[in-house]
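Values quoted throughout were computed directly from the atomic coordinates according to the rules given, and no laboratory measurement underlies them. These figures come from a predicted structure and were not determined experimentally. When we count neighbours, we look across all protein chains shown, and the Cβ atoms used for this are built from the backbone with ideal geometry, even at glycine.
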Amino acid sequence: MKSVQIQNYGPASELSVENIATPTINADQLLIAVKAAGVNPVDTYIRSGTNNYTTSFPHTPGLDGAGIIDAVGDNIKGFHVGQRVYFSRNLSGSSAEFAIGIPTHTFPLADTLSYEEGACLGIPYTTAHRALLGRANAKTGEKVLVHGATGAVGIATVQLARAMGMEVIASAGTEEGKALLESQGVQTVLDHTQADHLAPYQTLDQGFDVIIEMLANHNLDQDLKALAFGGRVAVVGNRGTVEINPRDLMARDAAVMGVALANIKPAELSLIAKSLYPLLNGGLLKPVVRKTYSLEETSQAHEDVLKSGAQGNLIIKID
Ligand code: NAP
């Protein structure tokens, strides 16, 4: 089969497509014919060995994907050959024609979604659900800022918060990103490249109940000043350090919580997948595929996912 590989930690340019043996599975695994692979920032961290990620080599990138079950291990119940699925982790890398699936991280793909859309779900939608509902405990009617809303997790969070009846304010870094968020039904879009973009919200009356934060090292200090009483910031993304004044938290009985999808337990993952399914099938949640790449273009996708000017998910389409 065709598989993208890298031989050691390194830049995206060192990814190449190789012909390797199709993986074999044991009795507790699934073999999935991958139709589309999600490209997430974490794939680049693993490939380059940054942010404390490690892997073994040769390494095939890609945690997320969607496809068709090709074989089911003897110990596994609840899956069948030919079933359409998506997954949020796998054992061999999704940038390949086949991947070894883990039953606890593989879920039925709603009929209304293409494989490309299915490949947007694993990390982005699960993280959005866990951050917004599981960690920040956001409720219907609350005022939510999705700080960095144009990317994969941000759009998923916007859609989920709107589906739950929250008041959603979101931020973008480009005009195109702003237009995308408006097309998603967000009435107030802030420009996170402007230093004072949170100023109108930095009173207790105007503050947010919840902020879902995609770049905490840039924003956390100002986020804390933009919280309502009892407000919560869920840190999803962070690429550095930041200085805060804890008095901003004390003044509001506020809280900051971290979110790491890697910490999720199978039971929570399963609950999230079950609650996402009807929303996806009913069209309340609809992934935004910005661009598709071939396996040969995986290195370009790894470059692009770290660029500013996000407008949805990047996907590798596998024929
Ligand atoms: P993505 O698709 O690359 O999107 C990145 C987002 O960050 C874009 O919306 C971008 O907006 C925004 N951004 C850029 N500068 C910003 C700023 N100054 N303030 C606020 N937002 C800013 O990435 P993603 O998949 O959505 O992931 C977002 C972050 O969360 C990444 O750092 C990723 O590693 C992390 N993440 C964490 C978890 C977890 O479990 N904790 C899970 C998934 C992802 P513009 O491009 O419009 O400027």
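Computed quantities for the displayed model
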| read-out | value |
| --- | --- |
| Selection from the stretch 1-51 of residues that are more than 30 Å from Asp74 (Cβ to Cβ), in contact with a strand residue (DSSP E or B) (Cβ under 9 Å, 6 or more places away or on another chain), more than 16 Å from the ligand (Cβ to nearest atom) and assigned to a loop (DSSP other than H, G, I, E, B) | Gln7, Asn8, Tyr9, Leu15 |
| Odd one out for Leu133 among (1) surrounded by fewer than 22 Cβ atoms within 10 Å (Cβ to Cβ); (2) within 18 Å of the chain's Cα centre (by Cα); (3) within 8 Å of the ligand (Cβ to nearest atom) | (3) |
| Considering residues of the stretch 143-158 that are part of a strand (DSSP E or B) and more than 6 Å from the ligand (Cβ to nearest atom) only, the residue surrounded by the fewest Cβ atoms within 10 Å (Cβ to Cβ) | Lys143 |
| Flag if Gly82 is in a loop (DSSP other than H, G, I, E, B) and without any contact (Cβ under 8 Å) to a residue 40 or more places away in the chain | yes |
| Tally of residues being under 19 Å from Glu142 (Cα atoms) and either of a type outside the set (Gly, Ala, Ser) or crowded, with 19+ Cβ neighbours inside 10 Å (or both) across the stretch 215-235 | 12 |
| Test: residue in the stretch 210-225 that is among the polar types (S, T, N, Q) and over 19 Å from Ser308 (Cβ atoms) | no |
| Top-ranked residue of the stretch 175-195 - restricted to ones that are part of a loop (DSSP other than H, G, I, E, B) and in contact with a helix residue (DSSP H, G or I) (Cβ under 9 Å, 6 or more places away or on another chain), ranked as nearest to Thr126 (Cα to Cα) | Gln184 |
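Yes or no, residue by residue, for (1) within 12 Å of the ligand (Cβ to nearest atom); (2) not charged (D, E, K, R):
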{"residue": "Ala199", "(1), (2)": "no, yes"}
{"residue": "Met214", "(1), (2)": "yes, yes"}
{"residue": "Gln222", "(1), (2)": "yes, yes"}
{"residue": "Lys225", "(1), (2)": "no, no"}
{"residue": "Ala228", "(1), (2)": "no, yes"}
{"residue": "Asn245", "(1), (2)": "no, yes"}
{"residue": "Leu249", "(1), (2)": "no, yes"}
{"residue": "Val259", "(1), (2)": "yes, yes"}
{"residue": "Glu268", "(1), (2)": "no, no"}
